[in-house]
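Encoded as structure tokens, the structure appears first; notes follow it.
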Amino acid sequence: MTATSKPAFSAEEIAAEGLKPEEYEEIVRRLGRHPNKAELGMFGVMWSEHCCYKNSRPLLKQFPTTGNRILVGPGENAGVVDLGDGFQLAFKIESHNHPSAVEPFQGAATGVGGILRDIFTMGARPIALLNSLRFGSLEDAKTQRLFQGVVAGISHYGNCVGVPTVGGEVYFDPAYSGNPLVNVMALGLMETAEIVKSGASGLGNPVLYVGSTTGRDGMGGASFASAELSDQSIDDRPAVQVGDPFLEKSLIEACLEAFKTGAVVAAQDMGAAGITCSTSEMAAKGGVGIELDLDKIPVRETGMVPYEYLLSESQERMLFVAHKGREQELIDIFHRWGLQAVVAGTVIAEPIVRIFFQGEVAAEIPAEALAENTPLYHRELLTEPPEYALKAWEWTVDSLPDCTTAGIELQGGLQSWNDILFTLLDTPTIASKNWVYRQYDHQVQNNTVILPGGADASVIRLRPLEQIPNRSTEHLDFARRNRSRSRSVPQESLKSKIVGLSISTSLDGTVAEVQNLKSGVAATVDCNPRYVYLDPYEGAKAVVAEAARNLSCVGAEPLAVTDNLNFGSPEKPIGYWQLAEACRGLAEGCRELATPVTGGNVSLYNETLDSEGIPQPIYPTPVVGMVGLIPDITKICGQGWQTSGDVIYLLGLPLASKISLGASEYLATIHSTVAGKPPRVNFDLERRVQKVCREGIRNGWVSSAHDSAEGGVAIAIAECCIAGNLGAEIKLEIAPPSANRLDEVLFAEGGARILVSVASSQQEIWESYLQEHLGQEWQKLGKVGNFETGLGVFTTDNQTLIKVSIEDMNDRYFHAIAKRLAIPTTTPEEVRS
């Protein structure tokens with residue numbers, strides 16, 4: 001049967017492919033005929049929001065995308081930045097939200113596999129993973145199942161493939177009860193002489209299918225990811241892919257070896273939309289066409305039809321364009337690694353994707369119609385903020401009970417500030433994520449400088465990647481069985497351990513070069529979704545500012561951003577307003593902090609249809625993944641206090657400054673209120689504070705640094721005590737009566753604030769530097785104590801606000817998540833070791 005002989009489809013069949021009636025009419029207009037079943041499926045996945053960004057593309061154009069260090073910006077599989085000294089870093093973030101909602105283990109696992117392929121498709125060796133996760137209330141049994149399944153999936157794939165999971169964030173809020181978010185970020189160092197691009201070229205060049213076999217798993221995953229979740233979404237489990245991390249490890253090595261031969265013209269991962277996406281995108285980007293014969297594709301199931309071949313999202317597959325005459329060279333490499341590799345097609349001059357099956361044309365579509373010239377919706381933006389936001393903005397602190405040095409009167413009676421502190425430390429969003437990251441292999445590859453939970457950002461040593469000789473699968477099996485796992489490095493001995501040697505060996509095993517290693521890369525993922533919900537524009541600016549602040553707290557210079565925009569339906573006025581305003585805020589934040597966007601992911605329709613069919617959207621969640629450069633990894637620091645007697649300083653707005661409790665974790669947790677406006681970002685102050693922090697670290701003045709975020713300054717101080725296993729004595733420069741409420745002083749968020757500790761011997765030079773560069777926008781808070789003293793917070797007239805032991809803080813902080821899961825807990829000493 002040819003591509004022109006199929007009749008029209010019913011409205012139900014069109015809707016089943018995720019297409020609107022007017023989009024089907026446009027397909028018919030472009031083709032000059034009705035599509036067949038395979039072609040309808042191809043348009044369905046390629047015109048989904050997940051693939052073509054038809055609602056978000058106009059908004060993304062406002063992002064800054066160029067800069068001195070940007071080598072590859074949006075449009076390729078991953079962004080690439082120049083780190084200097086010959087190092088080039090590829091990085092990107094992607095979502096796997098809907099698959100993780102219906103099959104949490106495989107949904108999360110294949111999310112890891114997919115983002116890794118984006119990295120090594122560029123010619124980069126993956127060196128680190130981070131993740132940003134959102135779930136409903138951890139008191140809920142369904143949330144517990146999803147949470148445990150997602151963490152298990154991430155750890156399974158990352159641990160088996162041999163890439164360390166070095167950091168991330170986890171939030172819990174009822175807004176994500178039916179629709180968890182699983183965003184995974186990967187980093188890789190370029191290992192090839194040239195960056196591998198995806199645009200096909202060279203008429204007559206062979207098209208190679210490499211990697212795993214094709215089956216029916218993952219059918220229509222892109223369309224599935226572009227629709228709301230419902231009670232019937234469990235029926236869409238076939239749309240969830242199944243991954244094999246050991247096969248992916250072979251694929252990484254085979255691809256990098258193949259790229260180094262110079263025989264590969266272009267490469268594309270088969271991710272969302274599988275063969276359809278890879279053929280159409282490669283053809284469209286190169287301005288050529290591709291013919292592909294499905295009979296050549298290795299399969300794992302019998303009886304597959306073109307529709308299934310083209311929409312399958314079976315994992316660990318790639319499409320190459322090779323130089324003509326060198327295809328066998330590439331095939332031999334993949335066979336040596338135990339992988340499939342066949343010539344399945346050819347590059348042609350006519351800019352179409354032509355698919356053959358059993359000797360006939362199964363599909364024939366202009367490549368641009370699938371990959372570039374896709375529908376674009378310019379939706380009308382609300383002229384005024386929606387009612388929910390206006391109502392939330394009416395909130396004032398006057399609605400809260402009065403508070404005194406003794407605490408605050410709540411419904412259950414007087415709650416002391418000790419009680420409030422313990423409650424916040426026990427909140428899963430704030431509490432230690434040790435239950436999560438202890439399941440991840442965060443030290444494989446032996447380049448992880450700071451362990452998870454030890455600092456505001458992850459730090460990876462940059463090590464020149466040796467040329468890997470051709471190896472058989474027996475070598476890989478040996479590596480799997482004997483992968484070394486380094487012991488954790490205690491925080492106090494960090495700086496004496498992290499500088500290593502790079503030893504390059506020749507093929508005969510002799511040492512060729514020994515090189516000192518000093519530079520590193522820092523990475524973080526951040527988003528406070530409550531801020532963005534209450535004010536998308538200001539909240540999104542705060543996301544960028546916090547990401548940069550976290551990098552600055554380890555001494556890294558922020559360089560560039562990859563973003564993951566997780567939102568509800570853009571077809572609803574409120575949903576589109578949230579998306580548009582957040583994009584405007586992200587764009588401004590990235591311009592202000594000179595961190596261009598190199599690419600990312602858009603995940604819309606994150607809504608759950610309840611039993612009555614009413615959509616419940618998530619909080620708007622624009623996650624920012626940011627990378628930064630560390631010139632010398634001997635000059636970094638973590639968040640824990642280092643030495644008793646060190647002086648503690650607050651950089652940024654002093655505590656006497658009036659900062660609202662609006663949108664704060666304190667307001668949400670203690671008062672069950674989500675209202676007010678998030679703190680406004682002062683970018684001039686952010687730039688100055690962050691630069692001062694970085695310079696303090698690089699000059700050896702600053703011993704520890706930690707930003708004030710969820711829970712405000714009081715929680716930040718407590719976290720520094722817990723991380724360093726040392727107490728602190730804090731004197732607040734306020735004496736009641738004061739213009740500020742005590743809960744505002746202790747728990748308000750914002751103000752570009754960073755807590756640092758400095759050795760007393762450096763106090764004079766440090767304060768002189770602060771006075772010169774920050775003026776009055778800093779203050780001395782107190783001194784680091786020892787374990788026995790615990791944490792004490794006092795007013796200037798010596799009234800006690802908080803007096804708690806480190807043991808009691810540890811108990812709440814380290815056991816909060818495991819306690820709710822009713823599983824055995826680890827001791828703080830086990831976590832630190």
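The values are calculated or read from the model by the stated rules, or taken from the named source; none is laboratory data. Note that the structure is predicted; figures quoted are calculated from it, not measured. Note that we place each Cβ from the backbone using ideal geometry, even for glycine, and neighbour counts take in every protein chain shown. The area values use the complete protein model at the heavy-atom level, side chains included, leaving out ligands, DNA and RNA. Shrake-Rupley method; radii C 1.70, N 1.55, O 1.52, S 1.80 Å.
Remark: spin-label model distance residue 680-residue 398 equals 2.0 nm, labels positioned 7 Å along the Cα→Cβ axis. Take the Cβ-Cβ distance between residue 699 and residue 358 as r, set R0 to 60 Å, and report the resulting FRET efficiency rounded to the nearest 0.05. Efficiency, from the Cβ-Cβ distance: 0.25. If one computes the Cα centroid of the range 667-694 and of the range 745-821, what distance in Å separates the two points? Using only Cα atoms, the two centres lie 17 Å from each other. Summed over the residues of the range 603-755 and divided among them, the accessible surface reaches 28 Å² per residue at a probe radius of 1.4 Å. At 10 °C and 1.306 mPa s, grab the translational diffusion coefficient of the range 31-76 from Stokes-Einstein with a Kirkwood Rh over Cα pairs, rounded to a whole number in µm² per second. It diffuses with D of about 119 µm²/s by this estimate. Averaging 1/r over every pair of different alpha carbons in the range 600-710 and inverting the result gives a Kirkwood radius of 18.2 Å.
For the range 122-167, the equivalent ellipsoid derived from the alpha-carbon gyration tensor has semi-axes of 27, 11, 7 Å in decreasing order. A full extension of the chain between residue 776 and residue 643 corresponds to an added length of 45.2 nm, given 0.36 nm per residue minus the alpha carbon distance. Relative contact order, whole percent, for the chain stands at 14, derived from Cα pairs under 8 Å and 6 or more residues apart. Pairs with C-alpha atoms separated by more than 28 Å, drawn from the list 433/803; 197/541; 92/285; 61/541; 92/391; 691/819, are 197/541; 92/391; 691/819.
Placing a pseudo-label 7 Å from each Cα along the Cα-to-Cβ vector at residue 328 and residue 635 gives an inter-label distance of 5.6 nm. With Kirkwood's inverse mean 1/r over C-alpha pairs for Rh, give me the Rg to Rh ratio of the chain, two decimals please. Using only Cα positions, Rg/Rh for the chain is 0.98. Accessible surface computed residue by residue for the range 280-392, with neighbouring protein chains in place and a 1.4 Å probe, gives 44 Å² per residue.
In this structure, residue 572 and residue 822 have a Cβ-Cβ separation that, at R0 = 30 Å, corresponds to a calculated FRET efficiency of about 0.20. In this calculation the C-beta distance from residue 406 to residue 141 is compared with R0 = 30 Å, giving a FRET efficiency of 0.20. Taking label positions 7 Å along the Cα-Cβ direction at both residue 349 and residue 423, the computed distance is 7.5 nm, reported to one decimal.
Taking GluC sites (Glu not before Pro) across the range 554-616, the ones in a DSSP loop with at most 10 further Cβ atoms lying within 10 angstrom of their Cβ are 612. Rg/Rh for the range 359-460 stands at 1.26; both radii use Cα atoms, and Rh follows the Kirkwood definition.
Hydrodynamic estimate: the Kirkwood radius of the range 31-153 over Cα pairs, inserted into Stokes-Einstein at 4 °C and 1.567 mPa s, corresponds to D of 74 µm²/s. For the range 47-124, the per residue solvent-accessible surface stands at 27 Å², with DNA, RNA and ligands left out and a 1.4 Å probe. For the chain, the carbon plus sulfur part of the accessible surface works out to 49%, probe radius 1.4 Å. Per-peptide packing, taken as the mean over residues of other Cβ atoms within 10 Å, places 28-34, 756-762, 622-628 in the sequence 622-628, 756-762, 28-34 from highest down.
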